[in-house]
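The structure appears below as structure tokens.
The values are calculated or read from the model by the stated rules, or taken from the named source; none is laboratory data. Computed from a predicted structure; not experimentally measured. Neighbour counts are summed over all protein chains in view; Cβ atoms, including those assigned to glycine, are modelled from backbone coordinates with ideal geometry. With ligands, DNA and RNA removed, areas are computed over all heavy atoms of the protein, side chains included. Shrake-Rupley method; radii C 1.70, N 1.55, O 1.52, S 1.80 Å.
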Amino acid sequence: MSEEMGVPALAQAAAMPLLEETTLPQEQPPTLPVVIIGNGPSGICLSYLLSGYKPYMDTATVHPNPILYRKLQEAKHLPITEQDLEYLSEGLEGRSRNPVAVLFDTLLHPNADFGYEFPSVLKWRRDKYQQIPHLVLGKGTPGGAWHAMEGSMLTVSLGIWMELPGVNYRDLTNGKRRDVTSDRATPEEISSYYKDYVKLKGLHKNFVDNTYVTSVQKLCRAHELEGLQNGQEDQRVVDSGNGRFEDNGKECENNGGGTLWEVRGYRQVQSDTHVPFSLFAENVVLATGASDSPVRLAVEGEDLTFVFHSIADLCLAVSQGKLDVNSDPVLVVGAGLSAADAVLCARNSNIRVLHVFRKNIDNPDLIFKQLPKTLYPEYHKVYNMMSSQTCTHVASWPSSNRPQAVSIASSVCAKMCPKPQLSAGSIAGGSSISLFPDYTSFPEHCVVSFQSDMKCLLQGDNSLKAFKISMALVLIGTNPNLFFLKDQGQYLGQDPTRPIFCKQNPIDINPYTFECTKEPGLFAMGPLVGDNFVRFLKGGALGIASCLLKRLKKREKLISNGGNNFI
């Protein structure tokens with residue numbers, strides 16, 4: 001692959017005059033075999049595998065799983081990407097619903113779930129003549145959402161589980177270990193590792209930073225190219241749903257190799273300058289992660305200025321001195337690790353906390369119950385606080401001060417909780433309430449509303465509780481933002497009647513190729529398919545690369561002479 005790999009694909013866009021994002025370029029856009037949307041660890045790992053790096057069984061090692069080891073020995077002369085991934089994955093168990101993710105993880109980190117740190121059984125060889133031309137489009141620099149995370153926290157995963165193939169994490173962090181029982185890292189260390197990884201492996205030629213995708217549409221290749229060549233842009237063939245395409249009333253079947261994807265968007269070259277681009281791709285990979293849009297409570301007052309949906313807002317308020325020991329409590333909503341991080345941040349600054357969550361503290365689904373105490377002492381400290389410092393006081397609105405028309409009919413809480421019952425003679429909302437001085441938890445409670453006078457209204461045990469707060473943090477999860485797809489990609493989900501949600505409704509894929517079952521030529525990986533940990537999202541890269549290498553090799557689309565012949 002030449003040094004210019006990936007540059008010509010957007011060089012045309014960079015040279016164009018500033019246009020409206022809806023304006024098509026006059027010249028024919030470049031065509032690539034693969035465009036990856038998202039430059040986090042998912043996109044980086046896939047770029048590595050598409051750039052000619054191939055995993056082979058290291059004959060000097062023995063995998064602790066005897067059945068898998070026997071299978072690996074059967075075709076040890078072939079790279080894993082050319083083997084039958086379904087056969088290799090059969091019978092393996094792990095903490096991912098995707099079998100190839102479990103396979104790749106056990107090859108990279110054998111028996112990691114049992115606390116062992118065995119070396120990888122893979123060795124990597126690069127074949128520069130077996131590459132797939134591709135571009136990786138990302139909103140920032142390589143590393144994705146890791147650049148936006150609070151730098152002082154520690155990752156849930158061990159540092160070595162965050163590493164990508166071919167570059168040892170400890171080699172780039174000077175072998176840093178925090179203690180004998182924990183090898184976790186900070187987001188700052190991880191984001192630096194990913195940026196360095198892209199440079200060390202020579203992948204930067206494939207990455208285009210500060211790039212925002214605004215539209216991905218499926219086209220019919222033959223008609224589309226003919227229309228462009230004749231300058232007849234009004235004859236563009238756009239997917240009309242159900243795998244069929246329309247061109248002035250005519251239809252053509254979606255037959256995989258006969259279709260193209262048009263990827264459009266803009267690149268931010270300066271703080272206020274957007275340069276549009278348009279590309280054609282034979283295959284598109286969705287690697288956008290799931291941190292784009294915070295999940296909302298959908299309750300009254302959630303848009304008030306003191307209600308936030310990111311822990312970064314709490315850290316900013318603390319650093320600016322807006323919160324201190326004398327402030328009203330901070331309300332934290334949620335029972336996940338983000339909520340626990342917010343509790344820790346506030347408590348480390350001696351700020352009082354009210355912690356609200358719907359689950360019972362004995363619920364087996366609480367993430368804290370799945371984390372070993374020795375590795376995650378800070379999270380178990382929060383869990384102990386949640387368990388022991390619960391509020392037994394009831395603060396209800398007296399009839400004279402009761403909020404007018406409290407709107408809960410459409411809220412999440414209204415679906416989860418019975419209609420609140422206000423008891424007569426209860427403590428007034430403005431009364432002083434005796435709380436644990438630093439932290440109070442409210443299990444099996446939910447937020448009913450936020451009021452403009454900095455009060456929050458909680459519901460639990462068939463009663464309403466009102467508290468004066470200084471700030472509210474709603475940390476109940478995040479959703480992907482697939483606005484650039486038809487119907488925001490909802491039709492791709494396992495349940496097409498509901499929005500894509502990584503835990504309850506991930507994108508429906510072939511479990512061995514990660515190709516969307518409802519959309520040939522469109523692939524998804526990472527949190528979009530339920531793999532939220534870097535440790536497992538790498539399996540998506542293996543499945544996709546294996547599929548594309550086999551498919552494009554048949555069509556002789558691989559670079560065979562080291563040249564840039566993809567446009």
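Tabulated data
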| read-out | value |
| --- | --- |
| Criterion (part of a strand (DSSP E or B), touching a Lys or Arg at 6+ places or on another chain (Cβ under 7 Å) and buried (at least 21 other Cβ atoms within 10 Å of the Cβ)) met by exactly one of PHE442, PHE467 | PHE467 |
| Every residue from the range 337-350 that is in a loop (DSSP other than H, G, I, E, B) and in contact (Cβ under 8 Å) with a residue 60 or more places away in the chain | ASN350 |
| Leading residue by the ranking (nearest to LEU260 (Cα to Cα)) among those in the range 503-520 that are open to solvent by 10 Å² or more (accessible area, probe 1.4 Å) and not polar (S, T, N, Q) | PRO520 |
| Residue under evaluation GLY493, criteria (1) crowded, with 24+ Cβ neighbours inside 10 Å; (2) touching a Phe, Trp or Tyr at 6+ places or on another chain (Cβ under 9 Å); (3) over 22 Å from ILE44 (Cα atoms), criterion not met | (1) |
| From the options VAL263, VAL285, VAL269, residue that is within 26 Å of VAL208 (Cβ to Cβ), β-branched (Val, Ile, Thr) and open to solvent by 50 Å² or more (accessible area, probe 1.4 Å) | VAL269 |
| Tally, over the range 297-321, of residues that are buried (at least 16 other Cβ atoms within 10 Å of the Cβ), in contact with a helix residue (DSSP H, G or I) (Cβ under 9 Å, 6 or more places away or on another chain) and either on the phi > 0 side of the Ramachandran plot or not β-branched (Val, Ile, Thr) (or both) | 5 |
| Residue, nearest to the chain's Cα centre (by Cα), within the range 464-517, restricted to residues that are on the phi > 0 side of the Ramachandran plot and small (Gly, Ala, Ser) | GLY477 |
| Exclusive hit being modelled with pLDDT of 90 or more and not in a helix (DSSP H, G or I), set LEU473, LEU548 | LEU473 |
| Residue satisfying condition, being over 19 Å from TYR197 (Cβ atoms) and open to solvent by 70 Å² or more (accessible area, probe 1.4 Å), within set ASP127, ASP113 | ASP113 |
| Filter result for ASN363 (in a loop (DSSP other than H, G, I, E, B) and open to solvent by 60 Å² or more (accessible area, probe 1.4 Å)) | no |
| Some residue of the range 415-430 being assigned to a helix (DSSP H, G or I), closer than 26 Å to ALA342 by Cβ and modelled with pLDDT under 50 | yes |
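Quick grid of which residues meet (1) open to solvent by less than 20 Å² (accessible area, probe 1.4 Å); (2) at pLDDT 50 or above:
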site: MET16; (1), (2): no, no
site: LEU19; (1), (2): no, no
site: THR23; (1), (2): no, no
site: THR31; (1), (2): no, yes
site: ASN39; (1), (2): yes, yes
site: LEU50; (1), (2): yes, yes
site: LYS54; (1), (2): yes, yes
site: MET57; (1), (2): yes, yes
